[in-house]
Amino acid sequence: MIEQIKSELKGADARSIIQYIDEHFGQDAVFSTSFGIEDQVITHMLAEQKSKVSIFTLDTGRLFPETYYVWNRTLDLYKLKIKAYYPNSQSVERLLEEKGPSSFYNSVEDRKECCQIRKIEPLKRAIAGFKVWITGIRAEQSQNRDQMENVEWDEVNQIIKIHPLYNWTLKEVESYLKTNYVPYNPLHDKGFISIGCQPCTRAVQDGEDFRAGRWWWEDQSKKECGLHVTHK
C-alpha cells in the first residue's frame, strides 16, 4: 500500500495530498498539531476542504502561554474540533516525586523519560485505531528529518505517516501564513522556530540550525523526542 500511495502522490502539492487523504482514508486519518507554523498551514487547508480528518494535540502540561493563545485563536477562527491528550497523571506524579520537576536537565536518559511520559505515551493513545497519521514535518527542519520521505511506514507505531509540507521551505510556510491570514504563535517572531515545552525551548540564534532551540544543553546532532522515529 505504501508504494501505491507514494506513486499516486508523486509530484502532488500539499492541498492535493490532503484531498487525497480525505478521499481515500477520511475518518481513518488523523492530524497531530502542536500549533507550530507548519501545523497551522495544514489546519488551514483541512478547514478549507471541510476535511473529515480528525485533529489532536498533545498538552504536556509544560507548554508556553503563547501556545494556548494560538490554540484558542485556531478554534475561534476555524471552528474545528481539536482533541487534547494529556499525560497519565500517576506517571507525572511519580516522576516529580522521584526526580523533581526539572529532571530532564540531568541527562539525555532523564529527558527522554520525561518525553516518554508527557508525549510518547499520550501520542500512542491519540493515533490508536487510525490508518494514516498526518504531520507538519519538513525536510529542512533537521538532519534526521531530511532522510525521511513524504510518505512512509512508521514501524514503531504501525501506521502510515504522510507529510504534506515535506518539501516546503521556511519561506514558503511564512508566505502561506501571511497570504491566508493564518494565526500563528507569536514566539515565532521572537526567534523561536521549533516550539515545544517551555523549559526545553529557547530562541534560535543567527547561524544556528532549526532545532538548536530544542534541548539546547544536549548534543546538537539528530535531536528528537521520539515522536518521529520510524524504525525500531
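The values are calculated or read from the model by the stated rules, or taken from the named source; none is laboratory data. Keep in mind that this is a model prediction, so the values were computed, not measured. A quick note on method: Cβ atoms are made from the backbone with ideal geometry, for glycine too, and the neighbour counts reach across all protein chains shown. SASA here: full protein model, heavy atoms, side chains in, ligands and nucleic acids out. Shrake-Rupley method; radii C 1.70, N 1.55, O 1.52, S 1.80 Å.
Computed quantities for the displayed model
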| read-out | value |
| --- | --- |
| Residue among 160, 117 that is touching a residue at least 60 places away in the same chain (Cβ under 8 Å) and either open to solvent by less than 30 Å² (accessible area, probe 1.4 Å) or not in a loop (DSSP other than H, G, I, E, B) (or both) | 160 |
| Residue that is most open to solvent (accessible area, probe 1.4 Å) [pool: residues in the stretch 174-215 that are within 17 Å of residue 77 (Cβ to Cβ) and in a loop (DSSP other than H, G, I, E, B)] | 181 |
| Looking only at the stretch 146-157, and only at residues there that are part of a loop (DSSP other than H, G, I, E, B) and over 25 Å from residue 125 (Cβ atoms), the one that is least open to solvent (accessible area, probe 1.4 Å) | 150 |
| Residue among 98, 66 that alone is farther than 30 Å from residue 1 by Cβ, of a type in the set (D, E, K, R), touching a helix residue (DSSP H, G or I) at 6+ places or on another chain (Cβ under 9 Å) and in a helix (DSSP H, G or I) | 66 |
| Top-ranked residue in the stretch 93-111 [being hydrophobic (A, V, I, L, M, F, W, C) and either within 18 Å of residue 219 (Cα to Cα) or in contact with a His (Cβ under 8 Å, 6 or more places away or on another chain) (or both); ranked as surrounded by the fewest Cβ atoms within 10 Å (Cβ to Cβ)] | 108 |
| Subset of the stretch 21-52 (residues that are surrounded by fewer than 17 Cβ atoms within 10 Å (Cβ to Cβ) and assigned to a helix (DSSP H, G or I)) | 23, 24, 26, 27, 28, 47, 48 |
| Filtered residues of the stretch 1-17 (kept if touching a residue at least 24 places away in the same chain (Cβ under 8 Å) and farther than 22 Å from residue 50 by Cβ) | 1, 2, 5, 6 |
